[in-house]
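Contents: one structure, followed by commentary.
Here, each number is a calculation from the coordinates, and none is a lab measurement. What you are looking at is a predicted structure, and each value in this text was computed from that prediction instead of being measured. Backbone-built Cβ (ideal geometry, glycine too); neighbour counts: all protein chains shown.
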Amino acid sequence: MSDQAANPLRDAIQEAIDENPVILFMKGTPEAPACGFSARTVAILQSLGARFAAVDILPDPRIRQELSALSEWPTIPQLFVDGELVGGCDIVSEMYQSGELAHTLGIDAPAHADETPAPGSDQAPLTIENRL
Amino acid sequence: MSATPEELKERIEAGIPGAVAEVTGDGHHFNAVVSAPAFNGLTRIAQHRLVYDVFGAEVGDRIHALSIHTKTAEAEEIR
């Protein structure tokens, strides 16, 4: 593993995880996912009406490197809720099917939630680069 | 050299005590269904990490994608 010296990128990633109750690190964006696993994970979150921040890891390979070093998880996407790694596409899919995911996200009524605001309206995808 | 489902199966079963794995895949994308007594009492995250740990940095590289479904030895699959 890498050393513990000053690592602004890793700090920025950790900060993003800490500051966003639900944050998805993915390939591409929710509007234009660049990988089937990322697309599936986004679709699941959206079907639950979950609000989430999204970080595209593709613009800079170091984002993925630092993220995986920090989370000890090798693959993308990675979903964090309340600062904890929930999992990648497989675990998120399993939890969605079993109903656990809605619970983890603090959403009572899965799917077709009543007055969900238009998707995307107040989701604030952030980019790590902007934080450096 | 690309990986084979047989290689992944053997390595998972050798790397996790008592594990039984079924692996399918095309040399780049793989699906592994793994059950092992070692999974008992672990979170899904921890179970998947045990499987990823078998391959280390090969996941995402030589093994482009590895989908994992873990089961504890006695657990019923949730559907």
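Annotation for B:T43 and B:A57: the two label points, set 7 Å from Cα along the Cα-Cβ direction, are 2.7 nm apart. Restricted to Cα atoms, the stretch A:1-104 shows a radius of gyration and a Dmax of 13.2, 42 angstrom.
Which value results for Rg/Rh of the stretch A:1-61 when Rg is the Cα radius of gyration and Rh the Kirkwood radius based on the inverse mean 1/r? Let's see the in-between values first.
Working: Rg = 13.3 Å, Rh = 12.8 Å.
Value, to two decimals: 1.04.
Annotation: the residues A:S93, B:S35, A:S47, A:S38, sorted from fewest to most other C-beta atoms within 10 Å of their own C-beta, follow the order A:S47, A:S93, B:S35, A:S38.
Positive contributions from Lys and Arg (+1) and negative ones from Asp and Glu (-1), summed over other residues with Cβ under 15 Å from the Cβ of B:P5, come out at -4. Tell me the angle of helix B:5-15 to the major Cα principal axis of chain B, expressed in degrees between 0 and 90 and rounded to the nearest ten. The angle comes out at about 50 degrees. Rounded to the nearest 10 degrees, what's the angle between the helix B:44-55 long axis and the longest principal axis of chain B, both from Cα atoms, 0 to 90? Long axis of B:44-55 versus the principal axis of chain B: about 40 degrees. Computed from the C-beta positions of A:D82 and B:E10, the FRET efficiency with R₀ = 35 Å rounds to 0.35. Each of B:L42, B:V23, B:F55 was scored by the projection of its Cα onto the charge dipole of chain B, and the greatest displacement toward the positive side belongs to B:L42; charges sit on the C-beta of Lys, Arg, Asp and Glu.
Summing +1 for each Lys or Arg and -1 for each Asp or Glu, what net charge is found among the other residues whose Cβ lies under 11 Å from the Cβ of A:L58? Spelling it out: positives minus negatives among the neighbours equals 0. Considering only alpha-carbon pairs that sit under 8 angstrom and 6 or more positions apart, the relative contact order computed for chain B is 32 percent.
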